[in-house]
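These notes concern the structure reproduced below.
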Amino acid sequence: MRHYPSGVTIVTLNSATGPVGFTATSFASLSLDPPLISFNIADTSSSLAALTAAQSVVIHFLGEHQRHLAQRFARTAAHRFSDPALWSALDTGEPVLHGTPLWLRTTVEQLIPIGDHTLVVGRVVKVHDDTEEEPPTAPLLYYKGRYYRPTPLTDDVD
């Protein structure tokens, strides 16, 4: 699947032992009415137990300027929230990453074990959207083991 590009998200949640988060490239929009989304988490993930106990999560759509966060949240769990300047907690308790142009707060609707992953279905309850800022922030993409930024193609089609 490394030949299929994907957007990069970070999923964060609050747990009994503190903030939890991980990088996810499996985000998908499922339904407009009701507003449902999905993402996957590996059964071997250190975040799985906290996620299965969570009632809600925040999904951050990373901009190209946040590659360092994607790398940070793909590594050892102990270091993900070690810099308090990178995040703060919402009134509802979930950690939110500063400088993220778009994030969704979702309630966890379903957890579906499938293969060596768990499919998470969430209902969007809040949208934070700063994508109209100037200059616009391009999304961060992941393809063949590397991070990219999109570039527009010309409109010339023969």
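The values are calculated or read from the model by the stated rules, or taken from the named source; none is laboratory data. Because the structure is a prediction, the values reported are computed rather than measured. Neighbour counts run over all protein chains shown; Cβ positions are idealised from the backbone, glycine included. Areas reflect the complete protein model, heavy atoms only, side chains present, ligands, DNA and RNA absent. Shrake-Rupley method; radii C 1.70, N 1.55, O 1.52, S 1.80 Å.
Hey, among the residues in region 116-154 that are hydroxyl-bearing (Ser, Thr, Tyr) and part of a loop (DSSP other than H, G, I, E, B), which one's farthest from ALA24 (Cα to Cα)? It would help to see each step written out before you state the result.
Of all residues in region 116-154, those hydroxyl-bearing (Ser, Thr, Tyr) come to 118, 131, 137, 142-143, 147-148, 151, 154.
After this cut, where a residue has to be part of a loop (DSSP other than H, G, I, E, B) as well, the list is 131, 137, 151, 154.
Numbers: THR131: 20, THR137: 19, THR151: 22, THR154: 30 Å.
The extreme case among them is THR154.
Please specify each residue of region 82-97 satisfying the condition of being hydroxyl-bearing (Ser, Thr, Tyr) and in contact with a Pro (Cβ under 9 Å, 6 or more places away or on another chain). Lay out the reasoning, then the answer.
Initial filter on region 82-97 (hydroxyl-bearing (Ser, Thr, Tyr)): 82, 88, 92.
Correct list: SER88 only.
Please work out if PRO139 is within 19 Å of PHE22 (Cα to Cα), modelled with pLDDT under 90 and open to solvent by less than 70 Å² (accessible area, probe 1.4 Å). Steps first, answer last, please.
Numbers: within 19 Å of PHE22 (Cα to Cα): yes; modelled with pLDDT under 90: no; open to solvent by less than 70 Å² (accessible area, probe 1.4 Å): yes.
Judged against the criteria, PRO139 is not a match.
Just the residues that are touching a residue at least 60 places away in the same chain (Cβ under 8 Å), surrounded by fewer than 18 Cβ atoms within 10 Å (Cβ to Cβ) and closer than 13 Å to SER15 by Cβ, please, taken from region 49-79.
THR52
If you take just the strands (runs of 3 or more DSSP E) that sit entirely in region 1-115, which of them hold at least 3 residues that are aliphatic (A, V, I, L, M) and under 27 Å from ARG146 (Cα atoms)?
Working: elements: 9-15, 18-24, 28-31, 36-42, 56-61, 87-89, 95-97, 102-114.
In region 1-115, 9-15, 36-42, 56-61, 102-114 are the strands (runs of 3 or more DSSP E) which contain 3 or more residues that are aliphatic (A, V, I, L, M) and under 27 Å from ARG146 (Cα atoms).
So ASP43 passes all but one of these: (1) in contact with a Ser or Thr (Cβ under 8 Å, 6 or more places away or on another chain); (2) more than 18 Å from ILE112 (Cα to Cα); (3) among the charged types (D, E, K, R). Which condition number does it fail?
(2)
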